[in-house]
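Everything below concerns the one structure shown next.
The values are calculated or read from the model by the stated rules, or taken from the named source; none is laboratory data. Computed from a predicted model, the values in this text were never measured in an experiment. Reconstructed Cβ throughout: ideal geometry from the backbone, glycine too, with neighbour counts over all protein chains shown. Heads up: the accessible areas ignore ligands, DNA and RNA and are worked out on the full protein's heavy atoms, side chains in. Shrake-Rupley method; radii C 1.70, N 1.55, O 1.52, S 1.80 Å.
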Amino acid sequence: MNDNTGVDEDKTGNQSPPAEDSFPDGVPFENRLMYTEILLDYYRNPRCFGTIENYHVHARDTNPSCGDVIEFFARVNRDKVITEIKFTGKGCAISQAAASMLAEAMMGKNINEIVKLDKKQMLEMVGIPISMMRMKCALLGMKVLKVGVYQYLGKEMEEGD
């Protein structure tokens, strides 16, 4: 590893790309552990877990590759602000923690913020590097909540939303 750049070099001096699930250069080891502990805490102690009666927004989906399941419920006021949000589900730590983080973050937000939410924002919320194998796990909650919001709005969700 080149001590000046933090980039791995092979014997010929060529730089190798960072590992797919590595943290960006400059993230101290202590912060890496903190992000992992935060994710595990959301998995072990999910926020906003449960169901809601008389909901306005509802959707459920499964990740067929691993069996993760997420279901979202939300109440929305006249100004399209989420006044209550809950999720249920089962699956890996990443899918469940990400759904919990998402629910907590969207409480009190206008549903238009959910429509605009993208992959990059969701992954920043999760806070740890996600490999391609686990990407669907991390994004399942966002997909489910967006489907529910689009249904509530009476709109079709477009590819890539």
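List of remarks:
- Arg60 - accessible surface, heavy atoms, 1.4 Å probe, Å² rounded to 10: 140 Å²
- Listed by chain and number, the lysines whose alpha-carbon sits under 20 Å from that of Lys143, ignoring those within fewer than 8 places in the same chain, are Lys80, Lys86, Lys90, Lys109, Lys116, Lys119, Lys120, Lys155.
- Taking the Kirkwood radius as Rh and the Cα radius of gyration as Rg, the stretch 77-119 has a ratio of Rg/Rh equal to 1.02.
- Relative contact order, whole percent, for the stretch 46-145 stands at 30, derived from Cα pairs under 8 Å and 6 or more residues apart.
- Among the GluC sites (Glu not before Pro) found in the stretch 117-161, those both in a DSSP coil and sparsely packed, with 11 or fewer other Cβ atoms within 10 Å of their Cβ, are Glu156, Glu158, Glu159.
- Kirkwood hydrodynamic radius over Cα pairs of the stretch 40-161, then Stokes diffusion coefficient at 25 °C and 0.890 mPa s, in µm²/s: 174 µm²/s
- Added length on full extension, which subtracts the Cα-Cα distance from 0.36 nm per residue, Glu124 to His58: 21.3 nm
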